[in-house]
1. How would you order 81-88, 107-114, 130-137, 39-46 from highest to lowest mean count of nearby Cβ atoms within 10 Å?
2. Net charge near Ile80, counting Lys/Arg +1 and Asp/Glu -1 over other residues with Cβ under 12 Å of its Cβ?
3. As an exercise, identify the chymotrypsin sites (Phe, Trp or Tyr not before Pro) in segment 33-104 lying in DSSP coil whose Cβ has no more than 11 other Cβ atoms within 10 Å.
4. Between Thr38 and Arg87, what length in nm is gained on full extension when 0.36 nm per residue of separation is reduced by their alpha carbon distance?
Amino acid sequence: MNSHHTPASALSNLTSCQASEITIAQLVGQVYESAPATERSHLLEHLLRPLGILSLVAVADGIFAKLWFQCGRQDLQVRIEDAQNIRTSDVIALVDFVQQVSVEAVDGLAQVLTASPLMAGSGAAALLVTVLLHRARTRRAGTVEAGNQPPRATPTRELPRGAAEAAELRIL
């Protein structure tokens with residue numbers, strides 16, 4: 001075994017390789033495509049929360065604005081049959097847009113995925129969680145280096161075993 005390869009360097013190499021070959025939005029699209037219908041709904045609900053109606057009209061030919069009007073803003077619950085009608089390309093467009101508005105919302109997908117027993121076996125979900133956690137830590141480290149205090153993180157509920165890192169993404 002090469003002594004120069006540490007878990008941190010392996011993660012860095014993995015995320016560097018991943019970033020050059022596939023975007024986070026595309027990885028979310030892969031996770032969405034392989035997710036069960038109920039998890040698709042949860043992913044969409046999480047991604048739609050930070051956006052207003054005007055934003056949603058501009059993404060994916062307004063398909064998400066239609067969901068917003070059907071569900072209502074106060075009680076945003078995407079129906080399973082609606083989630084099944086959303087194409088992977090639409091989700092990729094949505095993630096690209098959400099990242100411009102709220103990187104934290106996309107990073108929060110790690111918590112959504114780790115809280116789901118149905119997603120525990122997904123390789124794409126595991127890779128996405130790893131990349132999102134690494135990105136959040138890197139951003140926090142940059143904040144500390146710039147002289148700002150990083151946001152405090154606390155878990156909001158008991159997470160499945162092995163998912164404690166995702167709790168770091170729940171920002172106060």
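1. Taking the mean over residues of other Cβ atoms within 10 Å, the ranking is 107-114, 39-46, 130-137, 81-88.
2. -2
3. Loop-located and lightly packed - none at all.
4. Going from the current span to full extension adds 16.1 nm.
Read-outs throughout are calculated quantities, based only on the coordinates presented, and are distinct from any laboratory measurement. Since the structure is predicted, the reported quantities are computational estimates derived from the model, not experimental observations. For neighbour counting, all protein chains shown are included, and Cβ atoms are generated from backbone atoms with ideal geometry for every residue, glycine included.
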